[in-house]
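A.B. asks: Here it is: the structure, laid out below.
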Amino acid sequence: AAGVIQSPRHLIKEKRETATLKCYPIPRHDTVYWYQQGPGQDPQFLISFYEKMQSDKGSIPDRFSAQQFSDYHSELNMSSLELGDSALYFCASSLSGGGSYNEQFFGPGTRLTVL
Amino acid sequence: QKEVEQNSGPLSVPEGAIASLNCTYSDRGSQSFFWYRQYSGKSPELIMFIYSNGDKEDGRFTAQLNKASQYVSLLIRDSQPSDSATYLCAVHNQGGKLIFGQGTELSVKP
C-alpha cells in the first residue's frame with residue numbers, strides 16, 4: 001500500500017539558511033500533520049492542515065511556515081535556521097480532518113542537521 | 001506534568017515472555033488512544049488503536065483502556081527480539097493532533 005512520502009530524507013544546512021521539507025500524504029488522505037522529534041525526545045506537534053486550510057497549530061516557531069497545496073501535498077518552510085532546529089521532521093496523514101477515530105500514518109521523516 | 005506519561009524504561013524481558021507497557025493521560029475528555037512502535041532513527045509505526053473501555057486484541061498485541069483511571073496499556077505476548085524498540089503512547093487531542101508520551105524502551109533478550 002502507498003505510504004506517506006517525504007523529501008528530502010536528509011538535509012544539511014548552515015545556521016541562518018533556509019530549508020523546505022516536502023510531504024506527500026497517502027492517496028485520498030486530506031489531512032497532514034507535521035511533527036518535530038529531537039534526539040531522545042518524543043514527537044512534538046508543529047502544525048496541521050485539512051483541505052488546504054490550517055487546522056491546528058502547536059509549538060511551531062515564527063521562523064517556520066507551512067502550507068497545503070491543491071494536490072494535498074504539504075511543505076514546511078524553515079528560515080533563519082538555528083542549531084536547535086536539528087531534528088527529525090515527520091509528516092503524518094489521515095482521513096477526514098483527523099477526527100477522533102482517524103489514525104495518523106507517519107512518513108519516513110527528514111533528518112535535518114544544522115551546522 | 002506531561003499530558004501523557006509513560007515509564008521510560010528500559011524494560012527488559014526474555015524472549016517468549018509477555019511485555020507490559022503502561023501509559024496514563026491527564027485529559028479526561030480524550031477519546032482515542034494509539035500505540036506506535038519506533039525503531040531508532042525511524043518513523044513511528046502504528047501498532048494499535050483503542051477507543052472503548054476494555055481490551056482489544058490484534059495478533060500478539062492487546063491494548064487495554066480504562067477511561068475512569070485514565071490508563072491505557074499494551075501487552076505483547078510471546079515477545080521476540082525484533083520487538084525491541086521504543087513504544088510510544090499517543091492520545092488524540094481535540095484539535096486533531098497526537099500528544100505523545102516520552103516512550104518506553106523495550107529490550108527483548110534472546
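A.B. asks: Without any contact (Cβ under 8 Å) to a residue 40 or more places away in the chain and part of a loop (DSSP other than H, G, I, E, B), is that true of B:Gln31?
C.D. replies: So B:Gln31 fails the test.
A.B. asks: Please work out if B:Gln94 is assigned to a loop (DSSP other than H, G, I, E, B) and within 12 Å of chain A (Cβ to nearest Cβ).
C.D. replies: When the stated conditions are applied, B:Gln94 passes them.
A.B. asks: Look at B:Lys56 and say whether it is of a type in the set (D, E, K, R), in a loop (DSSP other than H, G, I, E, B) and closer than 23 Å to A:Phe106 by Cα.
C.D. replies: no
A.B. asks: Can you tell me which of (1) touching a helix residue (DSSP H, G or I) at 6+ places or on another chain (Cβ under 7 Å); (2) of a type in the set (A, V, I, L, M, F, W, C); (3) within 28 Å of B:Phe49 (Cα to Cα) is the one A:Leu112 doesn't meet?
C.D. replies: Against the list (1) touching a helix residue (DSSP H, G or I) at 6+ places or on another chain (Cβ under 7 Å); (2) of a type in the set (A, V, I, L, M, F, W, C); (3) within 28 Å of B:Phe49 (Cα to Cα), A:Leu112 comes up short only on (3).
A.B. asks: Next up: Any idea which residue in the range A:12-51 is nearest to B:Glu5 (Cα to Cα), counting only those that are within 14 Å of the chain's Cα centre (by Cα) and surrounded by fewer than 17 Cβ atoms within 10 Å (Cβ to Cβ)?
C.D. replies: Top of the filtered list is A:Gly38.
A.B. asks: Can you find even one residue in the range A:25-41 that is farther than 21 Å from B:Ser43 by Cβ and free of Cβ contacts under 8 Å to residues at least 24 places away in the same chain?
C.D. replies: no
A.B. asks: Restricting the range B:19-29 to residues that are within 13 Å of chain A (Cβ to nearest Cβ) and at pLDDT 90 or above, which is nearest to A:Pro108 (Cα to Cα)?
C.D. replies: B:Cys23
A.B. asks: Of the residues that make up the range B:10-18, is at least one crowded, with 18+ Cβ neighbours inside 10 Å, modelled with pLDDT under 95 and in contact with a strand residue (DSSP E or B) (Cβ under 7 Å, 6 or more places away or on another chain)?
C.D. replies: There is no residue in the range B:10-18 that is crowded, with 18+ Cβ neighbours inside 10 Å, modelled with pLDDT under 95 and in contact with a strand residue (DSSP E or B) (Cβ under 7 Å, 6 or more places away or on another chain).
A.B. asks: Now, a different point. Kindly indicate whether B:Asn53 is touching a residue at least 12 places away in the same chain (Cβ under 8 Å), in contact with a strand residue (DSSP E or B) (Cβ under 8 Å, 6 or more places away or on another chain) and within 19 Å of A:Tyr33 (Cβ to Cβ).
C.D. replies: So B:Asn53 fails the test.
A.B. asks: So B:Phe49 ticks every box in (1) more than 28 Å from A:Tyr50 (Cα to Cα); (2) modelled with pLDDT under 95; (3) within 13 Å of the chain's Cα centre (by Cα) but one. Which box is left unticked?
C.D. replies: Failed condition: (1).
A.B. asks: While we're on this one: Could you say whether any residue in the range B:97-105 is modelled with pLDDT of 95 or more and away from chain A (no Cβ under 14 Å)?
C.D. replies: no
A.B. asks: What pairs come up if the first residue lies in the range A:70-86 and is within 20 Å of A:Pro27 (Cβ to Cβ), the second is modelled with pLDDT under 95 and basic (Lys, Arg), and their beta carbons are under 7 Å apart, counting only those six or more places apart or on different chains?
C.D. replies: From the range A:70-86, the pairs are A:Ser70/A:Lys52.
A.B. asks: With the condition being touching a strand residue (DSSP E or B) at 6+ places or on another chain (Cβ under 6 Å) and away from chain B (no Cβ under 14 Å), I'd like the strands (runs of 3 or more DSSP E) fully within the range A:5-115 carrying at least 2 qualifying residues.
C.D. replies: Fully inside the range A:5-115 and qualifying: A:10-13, A:19-24, A:64-68, A:74-78.
A.B. asks: Right, next: From the list B:Leu88, B:Leu46, which residue is within 13 Å of chain A (Cβ to nearest Cβ), closer than 16 Å to B:Leu11 by Cβ and either touching a Pro at 6+ places or on another chain (Cβ under 7 Å) or hydrophobic (A, V, I, L, M, F, W, C) (or both)?
C.D. replies: Among B:Leu88, B:Leu46, only B:Leu88 is within 13 Å of chain A (Cβ to nearest Cβ), closer than 16 Å to B:Leu11 by Cβ and either touching a Pro at 6+ places or on another chain (Cβ under 7 Å) or hydrophobic (A, V, I, L, M, F, W, C) (or both).
The values are calculated or read from the model by the stated rules, or taken from the named source; none is laboratory data. Here the structure is a predicted model, which means the values were calculated and not measured. Cβ sites come from the backbone with ideal geometry, for glycine too, and all protein chains shown count toward neighbours.
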